[in-house]
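Reading through the structure tokens given below for one structure.
Please treat every number below as a calculation from the coordinates, not as lab data. As the structure is a computational prediction, the values presented were derived from the model and not from experiment. No Cβ is skipped: glycine too gets one built from the backbone with ideal geometry, and neighbour counts run over all protein chains shown.
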Amino acid sequence: MYISRLAVDQYRSWSSFVLDLEPGLNIVQGRNGMGKTNLVEALEVLSTGSSHRVSSSAPLVQRGQSKATIRANAQEGGQTITYELTVALRGANRGRINGGPSLYMRDLVGRVPSVTFWPEDQRLVTGEPSGRRTFLDQMASQLDPSYYQLRQDVSHLAQQRGALLKQLSRAQEDGRFGAGPSQADLSTLEVWTAQFIAKGMELTARRMRLLQELQEPLESIYRQLAGQEQEVALVYQPSFAEVLESGVSQESSQRISQHFQRIYPGELARGQNLIGPQRDDFAFTLNGMPAKEYASNGEEWTLALALRLAEYQRLSEQADSNPILVLDDVFAQLDEQRRRQILQFAQRQPQVIMTVAALSDIPQTDQAHVIDLAQLVQERAALEASLLP
């Protein structure tokens with residue numbers, strides 16, 4: 001598969017724009033602030049159902065609009081397939097394939113597989129856990145569409161349980177409980193907790209397996225990029241730590257349930273869930289030491305890039321078609337040797353979209369389709385002007 005055309009309407013800074021692409025290496029060049037990242041982010045949203053930059057869909061919709069549209073023409077098996085996603089300011093996002101019936105997001109995720117390296121990916125090493133969870137969730141959703149629904153289920157259960165805890169906490173503050181919550185309230189909480197544990201254990205286990213599958217390619221790719229032998233590891237840190245010891249089992253379920261009983265007074269006092277997959281995390285180690293504390297700036301950058309390329313390799317092995325690789329401003333912190341390595345790697349892949357602020361950022365090459373974004377914008381404006389009465 002490769003994308004021959006990517007089009008957006010009312011998406012972030014773009015009222016309407018069409019980007020024609022070719023197999024092999026595509027270089028999108030334009031000054032900072034032109035919207036290069038917004039275009040490739042649209043492909044990320046179409047592929048994974050979410051953006052790494054925001055936690056909801058609302059910021060993706062151009063101000064003053066009720067929805068945004070992302071369309072991609074994919075060339076596959078000698079035919080063109082059009083994938084379309086409508087991003088709603090409010091409500092659920094919906095998709096279509098070849099103009100067919102409306103689909104849930106879960107039915108579209110993974111149909112156009114892609115992997116993107118972003119400049120901010122360095123924060124996968126040093127930043128907040130939420131970014132690392134987003135990485136795992138986006139990758140797992142492309143590998144297995146059922147994962148997307150599982151994650152949605154866990155999120156819903158966490159919200160429902162959290163809402164009940166907040167309600168009980170306020171009631172306790174108001175003195176409405178007297179001796180304590182009613183048996184009915186506690187029974188309802190137990191129901192939500194049991195469902196949350198069952199789904200949460202499954203989500204945690206699947207995330208752990210995914211991280212294990214990334215370990216070998218990550219270490220190999222990091223050594224190639226760094227040019228030296230170093231020990232690299234990914235360490236999962238689940239909130240449901242019992243899953244590490246007993247897996248998804250009745251024993252671990254009971255132990256997690258007992259854990260919830262012990263922390264219930266704290267949850268009631270704060271009115272929120274204190275444990276669960278929404279608090280899972282993972283960490284990098286470099287030569288046995290926490291990379292977050294000991295890695296240099298260059299090592300952090302290389303670890304993040306190696307993780308994305310490991311994701312690309314894993315998706316390539318499992319997906320029905322090769323994923324599109326997007327490298328957004330990847331050369332920013334790489335020396336000349338690393339730039340040549342990345343360029344040579346990109347030129348061997350079925351399709352790569354690379355964004356740069358200036359062509360001088362790229363080692364000399366004649367094996368690329370270069371797209372001048374400023375020129376495209378000017379041509380579009382001139383065409384629209386010529387059509388005016």
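A few points about this structure:
- Between 116, 377, 306, the Cα set farthest toward the positive side of the dipole of the chain (charges on each charged residue's Cβ, about the Cα centre) is that of 377.
- The DSSP beta bridges internal to the chain are antiparallel in roughly 70% of cases.
- Rounded to whole Hz, the Karplus (6.51, -1.76, 1.60) HN-Hα couplings of region 135-152, x for glycine and proline: 4, 4, 5, 5, 5, 5, 5, 6, 6, 8, x, 5, 5, 4, 5, 4, 4, 5
- Taking a ≥ b ≥ c as the square roots of the eigenvalues of the Cα gyration tensor, region 15-54 is oblate, since a/c reaches 1.5 or more and a/b is not larger than b/c.
- Net charge in the neighbourhood of residue 70 (other residues with Cβ under 13 Å of its Cβ; Lys, Arg +1, Asp, Glu -1) is +3.
- Nonlocal amide H pairs with residue 280, under 5 Å, H built at 1.01 Å: 239
- Residue 27 long-range amide H proximity, modeled H, under 5 Å: 354, 369, 370, 371
- Long-range amide H partners of residue 11 with built H, under 5 Å: 62, 69
- Compared with the rule-of-thumb size 2.2 N^0.38 Å for a compact globular protein, the chain has a Cα radius of gyration ratio of 1.10.
- Here the contact order of region 54-146, divided by its residue count and restricted to Cα pairs under 8 Å and six or more residues apart, works out to 18 percent.
- Were the residues from residue 372 through residue 63 laid out at 0.36 nm apart, the gain over their Cα-Cα distance would be 108.6 nm.
- Cα gyration tensor shape for region 84-132, rounded if a/c is under 1.5, else prolate or oblate: prolate
- Under 17 Å from a label point set 7 Å out along the Cα-to-Cβ vector of residue 384, the amide N atoms of region 2-38 belong to 7-20, 34-36.
- When the alpha-carbon atoms of region 95-220 are used, the pair Rg, Dmax equals 19.6, 61 angstrom.
- Between residue 237 and residue 170, the contour length at 0.36 nm per residue exceeds the alpha carbon distance by 20.9 nm.
- Region 277-290 - phi-based ³J(HN,Hα) in whole Hz, Karplus 6.51/-1.76/1.60, Gly and Pro as x: x, 5, 10, 5, 7, 9, 9, 8, 10, 10, 6, x, 10, x
- The helix-only estimate of mean residue ellipticity at 222 nm for the chain, built from DSSP H runs of length n ≥ 4 each weighted as -39500 (n - 2.57), is -15500 deg cm²/dmol after division by the residue total.
- Fully extended contour minus Cα-Cα distance, from residue 88 to residue 321, at 0.36 nm per residue: 81.0 nm
- Dipole moment magnitude, nearest 20 debye, the chain about Cα centre, only Lys, Arg, Asp, Glu C-beta charged: 1120 debye
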